[in-house]
Amino acid sequence: MTIAIVGAGLAGLVLARVLHMNGMDAVVYEREPSRGARGQGGMLDLHSGTGQRALREAGLIDQFHAIARPEGQDLRLLVPDGTLLLQEDTPDDSPVERPEVDRADLRNLLLDSLPAHAVRWGHAVEYADHGSLHFADGSSATYDLLVGADGADSRVRTLLTDARPAHTGQNVVELGIPDIDRTHPDLAAMVGRGNFWVLGNGQSLSAQRNGDGRVRIYLSFCTAADWFATSGIPFDDPAAARVRLTDLYAGWDSRFTALIAACDDMILPRSITTLPVGLTWPSTPGVTLLGDAAHLMPPVGQGANMALLDGALLGLRLAARPDDFRTAVREYEREMFARTSAAGRQSAHVQEILMSPDAGQRMLAFFRPG
């Protein structure tokens, strides 16, 4: 039985790893030409019952702890005038529930756990039909089971549902400060070891410490889907874009806008989109979905954990029923729909808090209920 996985992201690689551990082969098709072809994003906090559970099932939990950053759990929550609402620092000897890990390090850990031939790089899927994949270079491949782990713009999803990601009303600009401890020690001390959030009225500024010394800055705006085109911000001119972005934070504490001024020339505009919460589809022989392809959520800490667990649990279902993929997939989808619907509702709630006029106080209440 030939298993084809589209997408060498976290979900697809965990699935391939669990199958490999159980003596089952799968081929992962990835559009990128190599593992280092592009950056993989910032930090992830892996929850003990979901993301870490997936790595335990994949036999990689010890290797994960070797690359994880427990101190990345530290949190500072502020409002635009500089008032500190909450500071949580992780004691060095405390149990680690949600350690942070660089996404690129986690992906490399998963890639290194697979045989070299398991991932076929440079295979961009043009379209899929029932029984075969068709690639942009004109080649094709057949399969008995197709797993779409190909993200928000999944080509595989069209075999199961007409649902498409919709704009949430939020747009984000990512910037970054490299080697912050050496180049801007004052800003490094302000940000701390983990996550630094400043929540205002309909916009926010957050900073996230990465393991390589870089701090990623995320500027968030409640704006229309076409805002990047209509805002007048010259994203192709980094210096001018930083000035314009700083202007949008007029009236905020000058320490916060100093973070924008200190950033390098990497500027990445991103529209935030999601799939409908609770999305399902009729179970279809020979095809299923994982991760963002199945349940794209706002980026508030649930998506990657759900994706990792998707991959691990589908792998275990298939290993338990190697001669009955149809039943294995149906069982996986039933559990995944219930689990990710709950996570999607929680993510949507957090997203609504972040976009609200009193986001700082509401987020404080979320972290410290009662």
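The values are calculated or read from the model by the stated rules, or taken from the named source; none is laboratory data. Just so we're clear, the structure is a prediction, and the values are computed from it rather than from any experiment. Reconstructed Cβ throughout: ideal geometry from the backbone, glycine too, with neighbour counts over all protein chains shown. Heads up: the accessible areas ignore ligands, DNA and RNA and are worked out on the full protein's heavy atoms, side chains in. Shrake-Rupley method; radii C 1.70, N 1.55, O 1.52, S 1.80 Å.
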Report task. Could you please give the count of residues in the range 110-127 that are outside any loop (DSSP other than H, G, I, E, B) and more than 30 Å from Q351 (Cα to Cα)? Result -> 10
Report task. For the range 136-159, enumerate the residues that are in a loop (DSSP other than H, G, I, E, B) and either in contact with a Pro (Cβ under 8 Å, 6 or more places away or on another chain) or polar (S, T, N, Q) (or both). Result -> S139, A152, D153, S154
Query raised in the report: Which helices (runs of 4 or more DSSP H) sit wholly inside the range 1-86 and have at least 2 residues that are within 25 Å of P285 (Cβ to Cβ) and touching a residue at least 60 places away in the same chain (Cβ under 8 Å)?
Result: 10-21
Query - R38 vs. criteria open to solvent by 30 Å² or more (accessible area, probe 1.4 Å) and under 15 Å from A149 (Cβ atoms) - result: no
Query raised in the report: Would a scan of the range 128-135 turn up a residue that is at pLDDT 90 or above, open to solvent by 80 Å² or more (accessible area, probe 1.4 Å) and either of a type outside the set (A, V, I, L, M) or not in a loop (DSSP other than H, G, I, E, B) (or both)?
Result: no
Report task. Residue by residue through the range 6-25, note down the ones that are at pLDDT 95 or above, open to solvent by 20 Å² or more (accessible area, probe 1.4 Å) and either more than 13 Å from the chain's Cα centre (by Cα) or more than 29 Å from V215 (Cβ to Cβ) (or both). Result -> R17, H20, M21, N22, G23, M24
Report summary line: With the first residue restricted to the range 212-226 and required to be within 11 Å of C263 (Cβ to Cβ), and the second required to be part of a loop (DSSP other than H, G, I, E, B), Cβ contacts under 7 Å at 6 or more apart or on different chains are R214/P178; R216/G42; R216/N210; I217/C263
Query - Flag if P282 is surrounded by fewer than 17 Cβ atoms within 10 Å (Cβ to Cβ), at pLDDT 95 or above, more than 18 Å from the chain's Cα centre (by Cα) and under 30 Å from I3 (Cβ atoms) - result: yes
Query raised in the report: Can A348 be described as of a type outside the set (S, T, Y), crowded, with 18+ Cβ neighbours inside 10 Å and not in a loop (DSSP other than H, G, I, E, B)?
Result: no
**Report entry** From R182, R216, residue being more than 18 Å from R76 (Cα to Cα) and at pLDDT 95 or above
**Finding:** R182
**Report entry** Residues satisfying the stated conditions in the range 295-311, i.e. touching a residue at least 60 places away in the same chain (Cβ under 8 Å) and surrounded by 24 or more Cβ atoms within 10 Å (Cβ to Cβ)
**Finding:** L296, A304, M306, A307, L308, L309, D310, G311
